[in-house]
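Quick notes on the structure that follows.
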Amino acid sequence: MPNGKHGDHPLTDILVHKLTVYGHEADDLIRKIAELCSRRELDEWWRHEIGWSPEPHSVANKARMRLDELLQRAKDHGWETKQ
């Protein structure tokens with residue numbers, strides 16, 4: 001089980017430790033995704049779409065698509081977002 005230390009999990013590195021893991025663009029997109037969904041939903045998306053060793057370009061593309069989905073969901077439900 002992850003312990004939350006640096007290098008333990010890419011999401012922890014991005015969200016908690018504010019480290020660059022997949023490049024600034026991809027990491028920023030992941031941080032925005034985390035603001036728009038629950039941790040459980042984020043973990044499920046990560047497990048199904050990203051995994052442990054993806055290519056940075058692939059992560060950015062998948063994160064961009066997920067962020068667009070979440071922004072549309074927020075808009076459809078009348079949420080105000082900073083995006």
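Using a 1.4 Å probe on the protein heavy atoms only, what accessible surface does residue 5 show? Give it in Å² to the nearest 10.
130 Å²
Give the accessible surface of the chain per residue, rounded to a whole number of Å², with probe radius 1.4 Å and ligands, DNA and RNA excluded. List each step's numbers first, then the result.
Numbers: 5600 Å² over 83 residues.
Per-residue accessible area for the chain comes out at 67 Å².
Given labels modelled 7 Å from the Cα in the Cβ direction, how far is it in nm from residue 74 to residue 5?
3.5 nm
Once the Cβ-Cβ distance between residue 19 and residue 61 is put in as r, and R0 is 22 Å, what FRET efficiency do you end up with, to the nearest 0.05?
0.60
Could you look at segment 1-51 and say what percent of its accessible area is carbon and sulfur, using a 1.4 Å probe and all protein chains?
51 percent
Return one number: the angle in degrees, 0 to 90 and rounded to the nearest 10, between the long axis of the Cα atoms of helix 24-36 and the longest principal axis of the Cα atoms of the chain.
60 degrees
For Rg and Dmax of the Cα atoms in Å, the listed values are (i) 15.3, 47; (ii) 12.6, 37; (iii) 26.3, 83; which was obtained by calculation from the structure presented?
Matching entry in (i) 15.3, 47; (ii) 12.6, 37; (iii) 26.3, 83: (ii).
The values are calculated or read from the model by the stated rules, or taken from the named source; none is laboratory data. These numbers were taken from a predicted model, which means no experiment stands behind them. Counting neighbours? That spans all protein chains shown, and the Cβs are built from the backbone with ideal geometry, glycine included. Just so you know, the surface numbers come from the protein's heavy atoms only, side chains and all, with ligands and any DNA or RNA stripped out. Shrake-Rupley method; radii C 1.70, N 1.55, O 1.52, S 1.80 Å.
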